[in-house]
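Have a look at the structure below before the remarks.
The values are calculated or read from the model by the stated rules, or taken from the named source; none is laboratory data. Source: prediction; values computed, not measured. Note: ideal-geometry Cβ built from the backbone for every residue, glycine included; neighbour counts use all protein chains shown. Quick note on the areas: whole protein, heavy atoms, side chains included, nothing else; ligands and nucleic acids left out. Shrake-Rupley method; radii C 1.70, N 1.55, O 1.52, S 1.80 Å.
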Amino acid sequence: MATLHDYRMDITPNWCPGCGDFSVLAAIQKAAVNLNIEPENFVLQSGIGCSGRISGYLNVYGMHTMHGRSLAVAQGVKLANRDLTVVCAGGDGDGFGIGGNHFVHAARRNIDITYIVMDNQIYGLTKGQMSPTSPKGFLTKSSPEGNPESPISPLQLALSANASFIAQGFSGDIKHITSLIEQGIRHKGFAFINIFSPCVTFNKVFTYDFFKQNIVNLDDDPQYDSTDRTMAFDKVEQTDGFVKGLIYRKERMDFVDALPGRSGKENLSNQDLQLSADQVQNLLQRYM
Amino acid sequence: MNIKSEVSCLVGGMQGEGIESVGEILAKALGRNGYYLFGYRNFSSRIKGGHSDFHLRIGKDPVYNASERFELILAFDHESIELHQRSLIDGGVILFDPKTVKIDQITIRGGIQSIAFPFSDMAAELGSKQMKNMVAVGAACALFDQPIGVFGDAVREQFAKKGEAIVEKNMAAVKKGHEFLQELMDTRFPLEKQPQSGQRLFLSGNDAISIGAVLGGCRFMAGYPITPASDILENLVQMLPNYGGVAVQTEDELAAIAMVIGAGYAGTRAMTATAGPGISLMQEAIGLAGATETPIVIVDTQRGGPSSGMATKIEQSDLHAMITGTHGEAPRIVLAPSTVEEAMLDMPKAFNLAEKYQCPVFVASDLVLSTSKQTCEMANLQLEDIQIDRGKRVAETELAMSGDRVYKRFAITDDGITARSIPGQKKGMHHVTGIEHGPTGHPSENPANRVAQMSKRARKLQCVPMNDAIKYEGIPQAEVLLIGFGSTYGAIREARLWMQKEGAAVGHVHVRMLHPLPAAEISQYTEKAKTIIVVEQNSTGQLANLLKQHISIHAKLHPCLKFDGVPISPSEITSFCRELI
Ligand SMILES: Cc1ncc(C[n+]2csc(CCOP(=O)(O)OP(=O)(O)O)c2C)c(N)n1
Ligand code: SF4
């Protein structure tokens, strides 16, 4: 039985006191223990940013990759060994800016990994420039006259990319995000969880208080049906994206099962690599 | 009549007309008759329309490059004649299709014969114009005095999927071409008969790379389509599932190499294949693989650059990108096959090196090597000798006994190599990052650690074995030394043979590993040489500069460069040499 202690790493995160990412770290560890996943079977991939440092702060197979590419690396890990639990985490700049392309394609490909974005509407590590989720008019170091661009909606983007599990939470509610992460890991397919994770140093607008006051809880809406894609789209529209809970979920065949001749086979990482004489003969036949 | 030990023909027409199938069938049948073949395809970026041609060289002895001179041109368009008639030998023959070639609009040079051959009409009579290619096969076979029998099997294999009726029709087309030529003229270029051979393959460098990957234990491939590397993705998508593997087409090259790093980290032999712009996109990830000591294999089928450059033309200009590409300094190994056989065997080698030295390994192919087809002798391949060496891995028992909570994946060792633990291994957990890190993989900016880790990674390459890192051919004490890498091997070899025939003391070093450079092995020959000519297909002399960096041969080194997109020919090399000596 894995315990929280097993998941702890004796390194103090270099995050600012109060940074939302602490809660996300705690929630991932708690979810893994609740699901009784052994740490050696848990791979945490992360991108580059303050949030990206997360993979070094728990004792698993942690991989800190490149800015924007962690999702692609994570898919490679899962394709090689589907017995591993693969979680990928990073910032909004990492996931929707420089890595936006991989986000869309991972969603439609539907590989069984969980993708957590710590969305602080700003670039933290590079000290406060605007991000793809910064609203129009937002004042940052790189938009001193106000952001001239409109933000993207991560949830609507995930919906249109055909993601099979979409949820959103807020760092101020660890219990809730722990539950979302557990559901995401259990979901067989690509699970996207956007977590509002305040940057207390560079973002003075989207603060803990802001989210406490403005976020709509889906649990309070008995009419909400998370299998209805249109309803999901509308809900995000109506709340301007400030909504938490399970937004959408639909079982869809996972990518590995969809690959020809792959379903039910031994993991790639467990294959016997030496070919028999017959196998060699078959490989060459076409060219004789 | 002169019996020939070697003949060449060119088939040319509009792209998309199936020109290559003429070469394919001729090659298959003649290969079974015991001849050695080299097939070079000259194509453009257009899919349909636009001229393309296929050069087939047929020899009694092994051939490693396209011939400069043809005995025969089979012309389905004007360009086939206009562009290539000067390459015909005196007494050479052009058989053209009067349906598509208006011969009175072309000035045919003296000493050659052009004959209208109604390929299309004959094919139409037999039921389908498409079979004009098969009529051409029959004509070529008669001209080279080849028995028509062996073509039966080749045609059958090509068309078997389409049913017996189609096979019969195509065979009839071959016969018709054969008969018609015999009525027209004598057997003009009879090929010397060849005794039965051992088992052989006829395949392209890209085919060989794909096969070599599977033989070498590759079980994951990720790629993004690009000329001339796409064949490798397409081949492996078909092949890998039969051996428990997977190939996926990604959204871009950034994703391709990132997935490969993930799969390599998770313990699978993984590769990508790309060219030109793809290699540029992969630069950052090469550094990540180097810094995280992750084994990956990257095939670069070099083509004309920079930018989109000349996508369908040969160039060998990615040397710098492969050897030093990425920011900072990251270890890697670069192999450079020069024949189809080597392309196949370098793949298992690349995977072994990648896992042994825990770094990216490049296989530097180029457009001509990747797309040309060559005869490959099974006896030379010795595939049964291929060994899989997975490098240093930490054993479960060792981990079980360890008192550490975090495995020291990057502990400093004498040879720089640390045993890997693979996700799933109990107590093997550790961190991996492109940030400079200490033994457990956690970030560290400590100056001493930085030096220790950088040196550790660099030290690994000092142990890479240098046997087979060059190949040498020619007389032992050569005064004139030719040096090259990649697909120019055949042209350099032929140039050397010609010059030796004229009495020159010529030798040839072909560099088979570009990084780490086998400087000591090369020096053995450069020391004795008076004149060193480095032959390469780029404009700045990348190999020449690399050699100068490692060996002091500045005064006697002469770069022989070609960067017009056309494969260098033996006579270009010999005339360069003659001017120098
Ligand atoms: C290719 C590349 N470009 C730029 C950077 C610099 N960089 C590091 S993190 C970052 C943005 C961080 O913002 P975000 O992803 O939102 O994460 P946060 O720090 O807010 O958690 C940038 C631009 C980089 N590491 N790599
Ligand atoms: S700068 Fe912002 S995002 Fe980065 S650690 Fe500090 S609070 Fe967190």
Subject >> Members of the range A:114-166 that are polar (S, T, N, Q) and either more than 22 Å from the chain's Cα centre (by Cα) or within 16 Å of ligand 2 (Cβ to nearest atom) (or both) >> reply: A:120, A:121, A:126, A:129, A:131, A:133, A:134, A:140, A:142, A:143, A:147, A:150
Subject >> Every residue from the range A:103-125 that is within 13 Å of ligand 1 (Cβ to nearest atom) and within 14 Å of another protein chain (Cβ to nearest Cβ) >> reply: A:103, A:125
**OP:** Inspect all residues belonging to the range B:17-25 and state whether any of them is assigned to a strand (DSSP E or B), assigned by TED's automatic domain parsing to the domain that holds residue B:138 and either among the hydroxyl-bearing types (Ser, Thr, Tyr) or modelled with pLDDT of 85 or more (or both).
**Re:** no
**OP:** Quick one: which residue in B:257, B:279 is within 14 Å of another protein chain (Cβ to nearest Cβ), surrounded by 24 or more Cβ atoms within 10 Å (Cβ to Cβ) and in a helix (DSSP H, G or I)?
**Re:** B:257
**OP:** Assess whether residue B:520 counts as being small (Gly, Ala, Ser), farther than 28 Å from residue B:362 by Cα and modelled with pLDDT of 95 or more.
**Re:** no
**OP:** Quick one: which residue in B:436, B:398 is open to solvent by 60 Å² or more (accessible area, probe 1.4 Å) and either modelled with pLDDT of 95 or more or small (Gly, Ala, Ser) (or both)?
**Re:** B:398
**OP:** Take residue B:414 and decide whether it is open to solvent by 40 Å² or more (accessible area, probe 1.4 Å), more than 36 Å from the chain's Cα centre (by Cα) and more than 30 Å from residue B:66 (Cα to Cα).
**Re:** yes
Original post:
Is it true that residue A:50 is within 16 Å of ligand 1 (Cβ to nearest atom), within 18 Å of the chain's Cα centre (by Cα), hydrophobic (A, V, I, L, M, F, W, C) and more than 16 Å from residue A:179 (Cα to Cα)?
Top reply: yes
**OP:** All but one of (1) in contact with a strand residue (DSSP E or B) (Cβ under 7 Å, 6 or more places away or on another chain); (2) in a helix (DSSP H, G or I); (3) surrounded by fewer than 23 Cβ atoms within 10 Å (Cβ to Cβ) hold for residue B:136, so report the exception by its number.
**Re:** (3)
**OP:** Give the residue that is farthest from ligand 1 (Cβ to nearest atom), with candidates limited to residues of the range A:6-22 that are assigned to a helix (DSSP H, G or I) and open to solvent by 20 Å² or more (accessible area, probe 1.4 Å).
**Re:** A:6
**OP:** Considering each of A:134, A:164, A:142, A:150 in turn, give the residue that is under 30 Å from residue A:41 (Cβ atoms) and not aromatic (Phe, Trp, Tyr).
**Re:** A:164
Original post:
Inside the range A:28-47, can you point out the residues that are in a helix (DSSP H, G or I) and within 16 Å of ligand 1 (Cβ to nearest atom)?
Top reply: A:28
**OP:** Filter the range A:92-130 down to residues that are small (Gly, Ala, Ser) and open to solvent by 10 Å² or more (accessible area, probe 1.4 Å) and give me whichever is nearest to residue A:53 (Cα to Cα).
**Re:** A:124
Original post:
Going through the range B:260-276 one residue at a time, which ones are more than 8 Å from every other protein chain (Cβ to nearest Cβ) and open to solvent by 10 Å² or more (accessible area, probe 1.4 Å)?
Top reply: B:276
Original post:
Inside the range B:492-525, can you point out the residues that are part of a helix (DSSP H, G or I) and either in contact with a Phe, Trp or Tyr (Cβ under 8 Å, 6 or more places away or on another chain) or open to solvent by 40 Å² or more (accessible area, probe 1.4 Å) (or both)?
Top reply: B:493, B:494, B:497, B:498, B:500, B:501, B:520, B:521, B:524, B:525
Original post:
Exactly one of (1) more than 14 Å from chain A (Cβ to nearest Cβ); (2) of a type outside the set (D, E, K, R); (3) outside any helix (DSSP H, G or I) is unmet by residue B:222. Its number?
Top reply: (1)
Subject >> the range A:52-78, residues that are in contact (Cβ under 8 Å) with a residue 40 or more places away in the chain and open to solvent by 10 Å² or more (accessible area, probe 1.4 Å) >> reply: A:53, A:57, A:78
**OP:** Kindly list, by first and then second residue, each pair from a residue in the range B:358-369 that is under 16 Å from residue B:347 (Cβ atoms) to a residue that is of a type in the set (Gly, Ala, Ser) and assigned to a strand (DSSP E or B), limited to pairs with Cβ atoms under 8 Å and residues at least 6 apart or on different chains.
**Re:** none
Subject >> Options B:36, B:64; residue that is in contact (Cβ under 8 Å) with a residue 24 or more places away in the chain and under 16 Å from residue B:567 (Cβ atoms) >> reply: B:64
Original post:
Which one is nearest to ligand 2 (Cβ to nearest atom), of the residues in the range A:25-40 that are away from every other protein chain (no Cβ under 14 Å), among the hydrophobic types (A, V, I, L, M, F, W, C) and touching a Ser or Thr at 6+ places or on another chain (Cβ under 6 Å)?
Top reply: A:27
**OP:** Kindly check whether there is at least one residue in the range B:543-560 that is open to solvent by 60 Å² or more (accessible area, probe 1.4 Å), in the same structural domain as residue B:516 (by TED's automatic domain parsing), farther than 13 Å from residue B:483 by Cα and touching a residue at least 40 places away in the same chain (Cβ under 8 Å).
**Re:** no
**OP:** Give the residues of the range A:56-73 that are under 24 Å from residue A:10 (Cβ atoms) and within 7 Å of another protein chain (Cβ to nearest Cβ), sorted by residue number.
**Re:** A:56, A:59, A:60, A:61, A:62, A:63, A:64, A:65
**OP:** Just give me the residues in the range A:79-89 being in contact with a Ser or Thr (Cβ under 9 Å, 6 or more places away or on another chain) and either more than 8 Å from chain B (Cβ to nearest Cβ) or within 16 Å of residue A:116 (Cβ to Cβ) (or both), in sequence order.
**Re:** A:85, A:86, A:87, A:88, A:89
**OP:** Could you check the range A:195-275 for helices (runs of 4 or more DSSP H) lying wholly inside it with 2 or more residues that are more than 14 Å from chain B (Cβ to nearest Cβ), more than 16 Å from ligand 1 (Cβ to nearest atom) and open to solvent by 40 Å² or more (accessible area, probe 1.4 Å)?
**Re:** A:208-214, A:229-239
Subject >> So residue B:207, is it farther than 28 Å from residue A:106 by Cα and more than 13 Å from every other protein chain (Cβ to nearest Cβ) >> reply: no
Original post:
Of the residues that make up the range B:493-516, is at least one closer than 27 Å to residue B:331 by Cα, among the β-branched types (Val, Ile, Thr) and within 26 Å of the chain's Cα centre (by Cα)?
Top reply: yes
